[in-house]
Amino acid sequence: MRRAVCPGSFDPLHNGHVEVIARAASLFDEVIVAVSTNYAKKYRFSTEERLELAAKTLESLPGVSVVPMGEGLLAEFCREHGAGAIVKGLRSVQDYQYELPMAVMNRQLTGVETVFLAAESSFTHLSSSLIKEVAALGGDISGYVPAAVLERLTEGRQRA
């Protein structure tokens, strides 16, 4: 069985993430979406909320599961889960320059390979940070995020 991990903080999950995960699901028998926590970041959604939103959004994709990554190295997470590949979406050359050293290190640590998927051109401008900023300022993000995420991001604005 070919198993891959798609890691990320997914705060929030957006359509660019979903597109890469769906493509990974067509390439691998199983895809584990590993929701990570970087304690240096300030999150809009808790780990539990991010897991819930990802699971709800991705439930129709066969072979895709959503789990917390927990603490520790991604390479070790892959080894523990029997994954031979990490799938990362690339939006730009800057993403590649950031991801390449990590890919080499992960391969050297555990032998896990990294597969880079070029983002669909309609999503290359998306980032979770940009989505949060536009949503906070009242912008229309409906074309950029799954329905469950849109509902959560606009809840606070509607109550105000």
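Restricting to the stretch 8-46, count the residues that are assigned to a loop (DSSP other than H, G, I, E, B), among the aliphatic types (A, V, I, L, M) and farther than 17 Å from L126 by Cα.
Within the stretch 8-46, residues that are assigned to a loop (DSSP other than H, G, I, E, B), among the aliphatic types (A, V, I, L, M) and farther than 17 Å from L126 by Cα number 1.
Sort out for me the helices (runs of 4 or more DSSP H) sitting completely within the stretch 57-160 that have 3 or more residues that are touching a residue at least 24 places away in the same chain (Cβ under 8 Å) and open to solvent by less than 40 Å² (accessible area, probe 1.4 Å).
74-80, 147-159
Would you confirm whether any residue within the stretch 18-34 is buried (at least 16 other Cβ atoms within 10 Å of the Cβ), at pLDDT 95 or above and acidic (D, E)?
yes
Identify the residue in the stretch 39-56 that is of a type in the set (A, V, I, L, M, F, W, C) and closer than 14 Å to E155 by Cβ and, among all such residues, is surrounded by the most Cβ atoms within 10 Å (Cβ to Cβ).
By that ranking, first place goes to L53.
The values are calculated or read from the model by the stated rules, or taken from the named source; none is laboratory data. Note that the structure is predicted; figures quoted are calculated from it, not measured. Neighbour counts run over all protein chains shown; Cβ positions are idealised from the backbone, glycine included. Calculation scope for accessible area: heavy atoms of the full protein, side chains included, ligands and nucleic acids excluded. Shrake-Rupley method; radii C 1.70, N 1.55, O 1.52, S 1.80 Å.
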